[in-house]
């Protein structure tokens, strides 16, 4: 079982304990995939699904979409496009932030978000 599949199953089962609408069949139907395919995802028998399906699963299971995509080994298409515009700069930024503590990264995010350009 992959980490992605295990997480999908854990989130779905946790929700199912409170609400029967989170059965495998019902979740699959709402996400727009076959129940057998969702079962294979949960067991890790298939690779994580497409970006679109992963995002629908994240929404259905109330998970952060970026975290869910990362867990599936994917990066959202909007972030890919941003990186493609200035690949050297974003690669350097990400590499420099690799070992930074979360509070330092949050300071950078706030500075960029709130900065006066």
Residue 59 part of a helix (DSSP H, G or I) and loosely packed, with under 10 Cβ neighbours inside 10 Å: no
Cβ-Cβ under 8 Å, sequence separation 6+ or interchain: first residue in the range 69-87 and touching a residue at least 60 places away in the same chain (Cβ under 8 Å), partner surrounded by 12 or more Cβ atoms within 10 Å (Cβ to Cβ) and not in a helix (DSSP H, G or I). Which pairs? 71/48; 72/48; 72/49; 73/48
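Is at least one residue of the range 81-98 assigned to a loop (DSSP other than H, G, I, E, B), touching a helix residue (DSSP H, G or I) at 6+ places or on another chain (Cβ under 7 Å) and surrounded by 10 or more Cβ atoms within 10 Å (Cβ to Cβ)?
no
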Every residue in the range 1-21 that is touching a residue at least 24 places away in the same chain (Cβ under 8 Å) and either part of a helix (DSSP H, G or I) or within 18 Å of residue 69 (Cβ to Cβ) (or both), please. 2, 3, 4, 5, 6, 7, 8, 9, 11, 12, 15
Matching entry among 32, 73 (being surrounded by fewer than 16 Cβ atoms within 10 Å (Cβ to Cβ), on the phi > 0 side of the Ramachandran plot, in contact with a helix residue (DSSP H, G or I) (Cβ under 7 Å, 6 or more places away or on another chain) and at pLDDT 95 or above): 32
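The values are calculated or read from the model by the stated rules, or taken from the named source; none is laboratory data. Computed from a predicted model, the values in this text were never measured in an experiment. Cβ sites come from the backbone with ideal geometry, for glycine too, and all protein chains shown count toward neighbours.
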